[in-house]
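No value in this document is a laboratory result; all are computed from the given coordinates. Not measured: the values here are computed from a predicted model. Heads up, the Cβs are rebuilt from the backbone with ideal geometry, glycines too, and the neighbour counts pull from every protein chain shown.
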Amino acid sequence: MTSRPAHAKINLALLVGPVGDGGKHEVMTVLQRIDLADSIELAVGEALTVVGFTDDTIVARALSALATVVGVEPRWVVRVTKEIPVSAGLGGGSSDAATALLLANESLESPLTLERLSVIAAEIGADVPFFLRDGPQLGTGDGSRLTPLDLPEGFSVVLVLPDNVSKESTASVYAAFDERAGAEGFADRCVALRTALAAVRGTSDLAALPPNDLTISPLAERLRRSGAIRADVSGAGPCVYGVFVYPDQAHEACRDLRRFGRTWVTTACR
């Protein structure tokens, strides 16, 4: 088997606009990979089989789509070892699918280009193309149109997955957003985000990025009081992250917030 880590992501910013022509909301989001990762192992087999995570659907769909495009039978065995919490806003399923696509593509006699693989990925999920690329990206459109960003590297990130908080469906989160007319001012917020990104020189400058349009959490304020220069919900949640300049502050905050849920200290990575 060949193997590769499937990293989680955080949304350093997530702006949401109106529903576009394709029936999806327009977004502008800053996607940053972090060093919390699942493990994906893949081998050529007799049939498409995903083991290790019984709830998987997205890896199987991605590999079936790849097989259809290249005109082969989907004969891969994939083992998924989960470390990223499920349905937390950290993109674990999308990362697993993208990583499996990369490994399966490498097993082909004539592998697809990254551009063609990205087309398949975008049909599986808006976050999936991001995980095919290195480095932070600005996602626009439905989030799958990507532009590389030059952002600081290696800063510490504390994750808090609160206890007794069930994840709302993404559809319900967006429905609530629509009910409160959240899309108003989207164009102005996008201009502000681009301006803030252009001014980033170091980790502390990430504090100027705008907050998540979709949802908030009181844990973000607790992270800021613990020294985070930026704290917010990732994606549609419920996981909350804090960005720390100093690793010792991150570890102290992680210990302090354990009473609210599961916590991790990780780092931003490419």
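Just how large is the dipole of the chain about the Cα centre, in debye to the nearest 20, putting +1 at every Lys and Arg Cβ and -1 at every Asp and Glu Cβ?
Values: 25 positive and 33 negative charges, 118 e Å.
Using only the charged Cβ atoms, the result is roughly 560 debye.
Amide H to amide H under 5 Å from ALA13: which residues, 5+ apart in sequence or cross-chain, H placed 1.01 Å off N in plane?
VAL30
Karplus couplings for the range 33-41 from phi (6.51 cos²θ - 1.76 cosθ + 1.60, θ = phi - 60°), rounded to Hz, Gly and Pro as x?
Values, residue by residue: 6, 10, 8, 9, 8, 7, 10, 10, 10 Hz.
Roughly how many nanometres apart are two label points built 7 Å out from the Cα toward the Cβ at ARG116 and ALA207?
With each label point 7 Å from Cα toward Cβ, the separation is 4.9 nm.
Return HIS7, HIS251, HIS25 ranked ascending by Cβ neighbour count within 10 Å, so the fewest neighbours appear first. Intermediate results must be reported in sequence, preceding the final value.
Details: HIS7 24, HIS251 14, HIS25 21.
Least crowded to most crowded, the residues run HIS251, HIS25, HIS7.
Between PHE244, PHE131, PHE53, find the one with the highest GNM mean-square fluctuation for the chain; connect C-alpha pairs within less than 10 Å.
Checking each option, the largest mean-square fluctuation is seen for PHE53.
Could you state, as a whole-number percent, how many of the C-alpha pairs of the chain are farther apart than 36 Å?
Numbers: 4869 of 36315 pairs.
It works out to 13 percent of all Cα pairs.
Return the long-range amide H neighbours of ARG230 (sequence gap of 5 or more, or a different chain), with a cut-off of under 5 Å between placed amide H atoms.
VAL243
Of all DSSP beta bridges located in the chain, what percent are antiparallel, nearest 5?
Working: 44 of 47 bridges.
Of those bridges, close to 95 percent are antiparallel.
Quick one: dipole size for the range 1-120, taken about the Cα centre, charges +1 on Lys/Arg Cβ and -1 on Asp/Glu Cβ, in debye to the nearest 20. Provide the component values of the computation, followed by the final result.
Values: 9 positive and 14 negative charges, 29 e Å.
Result for the range 1-120 is approximately 140 debye, rounded to the nearest 20.
Of the peptides 103-113, 164-174, how do they stack up when ordered by the mean number of other Cβ atoms within 10 Å, highest first?
Values: 103-113: 14.5, 164-174: 12.7.
Output ranking for 103-113, 164-174: 103-113, 164-174.
Compute the helix-to-body angle for 247-256: its Cα long axis versus the longest principal axis of the chain, expressed 0 to 90° and rounded to tens.
90 degrees
Going toward the positive end of the dipole of the range 2-148, with +1 on Lys and Arg Cβ and -1 on Asp and Glu Cβ, which of ALA37, ALA65, LEU112 do you reach last?
So the residue we want is ALA37.
Near the amide H of TRP76, under 5 Å away, which other amide H atoms are found, from residues 5 or more places off or on another chain, if H is placed in the peptide plane?
GLY45, ALA47, LEU48, THR49
Mind listing the phi-derived Karplus ³J(HN,Hα) values for the range 130-147, rounded to whole Hz, using 6.51, -1.76 and 1.60 with θ = phi - 60°, and x for any glycine or proline?
Per residue, the Karplus-derived 3J(HN,Hα) values read 4, 6, 7, 10, 9, x, x, 9, 9, x, 10, x, 8, x, 8, 8, 10, 10 Hz.
Net charge within 13 Å of GLY20 by Cβ-Cβ distance, Lys/Arg positive one each and Asp/Glu negative one each, not counting GLY20 itself?
Numbers: positive: LYS24, ARG145; negative: ASP21, GLU26, ASP142.
Charge balance in the 13 Å sphere: -1.
For the chain, what does the relative contact order come out to in percent, with C-alpha contacts under 8 Å and a separation of six or more?
Relative contact order here is 24 percent.
Quick check: the angle from helix 170-179's long axis to the longest principal axis of the chain, C-alpha only, nearest 10 degrees?
On a 0 to 90 degree scale, this one is about 40.
Pairing the Cα long axis of helix 58-70 with the longest principal axis of the chain, what angle in degrees results, from 0 to 90 and rounded to the nearest 10?
Between the helix axis and the principal axis of the chain, the angle is about 50 degrees.
So what is the 222 nm mean residue ellipticity for the chain from helices alone, if each DSSP H run of at least 4 adds -39500 (n - 2.57) and you divide by all residues, rounding to the nearest 500 deg cm²/dmol?
-9000 deg cm²/dmol
Would you mind counting up the charge near TRP76? Only other residues with Cβ under 12 Å from its Cβ, with Lys and Arg at +1 and Asp and Glu at -1. Don't skip to the end; give the middle numbers.
Details: positive: ARG75, ARG79; negative: GLU41, GLU46, GLU73, GLU106.
Once all neighbours under 12 Å are counted, the net charge is -2.
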